[in-house]
Structure formats: C-alpha cells, structure tokens
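Remarks on the structure that follows.
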Amino acid sequence: MPRVFSALQQARDSVKAAANGFHGQLRIALSDGITPSRLPTLLALCRQEEPEVDIRLFQVPLAQQIKGLQDDLYDVGFAQSDEVGDGITAEAVWNDPLMVAVPARHHLLKHKRIPLDEVLQFPLVLCDPMACEGHARQVDRLLRHADREPLIAERVASFELMMVVVSAGFALGLAGAPHIAASQESGVVARPLAGRSPLLTTYLLRPEGEPSATLARFIERVQAIDLPEGARPAPPPEPDPQEDTPP
C-alpha cells in the first residue's frame, strides 16, 4: 500500500512539473549521505545544462532505496554499498579518504597521520547502520582487520551529530574527508590514518538495462564531477528554434 501512495504522489508531481514547464523528470534517491561538496555541483550542472528536466531528491535508507529502484519509484540513486541484489547495477563513481575526526587539543593531533591502533585506544562515535548502512559496512570492514577491538561509545544517525559528539570531546569519529570539512563544528580536526589511507566509495545505483537519454546524460555529469573543468564533456546542443513556415 505505501508503494501505491508513493506512485500516486509521484504522478501528481509529474503533472505539476509539466504544468510548470518541465519536459522531463529525474527521481534521485540518496542514502548514506552523498558527498556534500559534490551534490550542489552536480545539481547546478544539471540545472545549467538541462533546465527543462525536473530534479526530485529523496533521502531514504538503503533498503528502501533499492526497493524503490526495483519498483520504478526512483530513476537513479547514490549509496555507499554495492550489495544491491538482482535487477540493480552499482557503479563506483567517487572515492574519498576515510579520516579521523579528532577533538581540538587532543594529544593524538601530534600525529600528522594517526595509526589505527592508537585511534582504537579511545572511544569512537560511528554512524548507525540503520541510517547509514553502506557507510557503516565500509567502516566496520576496516575495523574488523584491526588487532584491537574498538570501543564504540555512540552510534548516531547523521554526520552532523557525529561532529557534535567529537567537538564535545566524548569520542573520536571516522568519516569521509568531505563530511568533516563540511562540518560547522570548529572544535573538530581531520587527520588521515597512517599508512595507505582507506577509501570510502560512493556508488551510482540504477535499474539494469539501457538508461534513458536523460539518465545517460546525468551519468556522464556524475562521472565528470571530479574531472578538471576542461576535460568535462560538452553539454548537449540546444535544439534549433523552429522557423516559421511561409503561408
């Protein structure tokens, strides 16, 4: 029944979009928190190159995101997991270094790169798997390979709350570099882990099969976000205005 209501609401939204002059729609589902620095850039690029396409965003848990893609409630999604089941394709599009969020004036800041064993001597605040399932899986995979059992003091539903806990000095956090950089908490310092920095991967999810022309162009923009300005693909040419035919 919830799927029926969602489909009806989306049908109403499509009618409103058409009435407002849009000639297409792209329904984007977000889970795990897409990299903050990239989402505004991506949306601005879409608006600049295809202003006639109505972009709709949905923030949902990973399981709901996958089900919605399978049920044609969403056209595309971003997640930090490639375990998506049948009928969905997952393409790795972005990588960000996993960083340690450290309270200001913490003595671990003596390290430019902090050994994981030293991080695990302190309580950790991590994302709740119910809210950030893919992100939590990637972090837990790293911690399983450590020699020391982590002391998890808190599981939180957002990176913003994680930074609040870190800033207060209650724990260290583990998050992607852009999430720490986007934090408004002045009492948090980002440090990389010692050795080869582990990467958090963001995946583009979509139903299997040939994408629509609108979705194909969107995927090109996603892939081009991290490219230098001059290396990005050119926007699609604008259609020529129809000439008046003589009577």
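Matching residues to (1) in a helix (DSSP H, G or I); (2) in contact with a helix residue (DSSP H, G or I) (Cβ under 9 Å, 6 or more places away or on another chain):
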| site | (1), (2) |
| --- | --- |
| 66 | yes, no |
| 74 | no, yes |
| 83 | no, yes |
| 90 | no, no |
| 93 | no, yes |
| 97 | no, yes |
| 102 | no, yes |
| 109 | yes, no |
| 112 | no, no |
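Please identify the pairs in which a residue from region 115-141 that is basic (Lys, Arg) has its Cβ atom under 7 Å from the Cβ atom of a residue that is surrounded by 23 or more Cβ atoms within 10 Å (Cβ to Cβ) and at pLDDT 95 or above, counting only partners at least 6 apart or on another chain.
Within 7 Å, no pair qualifies.
Where in region 142-231 are there strands (runs of 3 or more DSSP E), lying wholly inside it, with at least 2 residues that are surrounded by fewer than 15 Cβ atoms within 10 Å (Cβ to Cβ)?
Ranges flagged: 152-156.
For region 136-148, indicate whether the set of residues that are touching a helix residue (DSSP H, G or I) at 6+ places or on another chain (Cβ under 7 Å), among the charged types (D, E, K, R) and over 21 Å from residue 80 (Cα atoms) is non-empty. Reasoning before the result, please.
Residues of region 136-148 that are touching a helix residue (DSSP H, G or I) at 6+ places or on another chain (Cβ under 7 Å), as a first pass: 146-148.
From what's left, among the charged types (D, E, K, R): 147-148.
Pick out the ones that are also over 21 Å from residue 80 (Cα atoms) and you get 147-148.
The answer is yes; a qualifying residue exists.
Taking the options 177, 153, 190, name whichever one is assigned by TED's automatic domain parsing to the domain that holds residue 139 and either among the β-branched types (Val, Ile, Thr) or at pLDDT below 95 (or both). Outline the logic, then answer.
Working: 153 fails: either among the β-branched types (Val, Ile, Thr) or at pLDDT below 95 (or both); 190 fails: either among the β-branched types (Val, Ile, Thr) or at pLDDT below 95 (or both).
Exactly one residue qualifies, and that residue is 177.
The values are calculated or read from the model by the stated rules, or taken from the named source; none is laboratory data. Owing to the predicted nature of the structure, the values given are computational and were not obtained by experimental measurement. Reconstructed Cβ throughout: ideal geometry from the backbone, glycine too, with neighbour counts over all protein chains shown.
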